[in-house]
Amino acid sequence: MMRLAVAAVGKLDKLLVPVAGEYQKRLSRYAALETLETPLTPDPARPSAALEAAVKAEEGERLLARLKPGDVVIALHPTGTRMDTPAFAKALADWTLRERVVFIVGGSLGLSDAALARADARLSLSDLTLPHGLARVVLLEQLFRACKILAGERYHK
């Protein structure tokens, strides 16, 4: 069984919890999934580039602390590779040849340079700007579809 994890800054909004829970339940047939949440650092009241970098660095340290040395780390990032669902399934199959695949999701300011440097790949879910909680739900849904493809099942229903 595949070992997957989603390491994210912040908790899901209460409206998204049931949707995420449904996809986690569906996904459990195909993969062992861990959710690794770290606290969100409040945005500075008067943001400057230096303060925003400090927030991202702090959040990045907490994300990196949740990773294991053998993890394949995929960063959700706007500059990442965009792919359709069948291509994502193929990539997931390649990534899961190793120990555990961890998808990292930053806070409202994004991922730190250190977190991006640790990533084995970058993935973009859309050209649209998505709140980080919604990005997590979209990721879970796509992981479910990818697993269905890898199991030889219909995925487009």
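Would you give the gap between the C-alpha center of region 1-74 and the C-alpha center of region 81-114, rounded to a whole Å?
With region 1-74 and region 81-114 each reduced to a Cα centre, they are spaced 12 Å.
With a/c under 1.5 counting as rounded, go ahead and sort region 92-157 into rounded, prolate or oblate using the C-alpha gyration tensor (a ≥ b ≥ c being the square roots of the eigenvalues; past the cut-off, prolate if a/b is larger than b/c, else oblate).
Oblate.
Just give me a number: lysine pairs in region 1-137, eight or more positions apart or cross-chain, with C-alpha atoms less than 26 Å apart.
Close lysine pairs under the 26 Å cut-off: 9.
Once the piece of chain linking Ala93 and Val138 is laid out straight, how much longer is it, given 0.36 nm per residue of separation minus the C-alpha distance between them? It would help to have the intermediate numbers written out before the result.
Values: separation 45, 0.36 × 45 = 16.20 nm, distance 1.86 nm.
So the extension gain works out to 14.3 nm.
At 0.36 nm per residue, minus the direct Cα-Cα distance, what do Asp84 and Thr35 gain on full extension? Give it in nm, one decimal, please.
15.2 nm
For Met1 and Leu130 in one chain, what is 0.36 nm times their gap in residues minus the Cα-Cα distance, to one decimal in nm?
Here the answer is 43.5 nm.
Quick check on the chain: take the gyration tensor over C-alpha atoms, sort the square-rooted eigenvalues as a ≥ b ≥ c, and tell me if it's rounded (a/c under 1.5), prolate or oblate.
prolate
Take every Cα pair under 8 Å in region 1-117 that's 6+ residues apart, average their separations, divide by the length, and report that relative contact order as a whole percent. Show your work: numbers first, answer last.
Details: 156 pairs, mean separation 45.2, N = 117.
About 39 percent, as a whole number.
Assuming a ≥ b ≥ c are the square roots of the Cα gyration tensor eigenvalues, decide whether region 58-100 counts as rounded (a/c under 1.5), prolate (otherwise, with a/b larger than b/c) or oblate.
oblate
We did not get these values from a lab; they are worked out from the coordinates using the rules stated. Note that this is a predicted model, so its numbers are computed, not measured.
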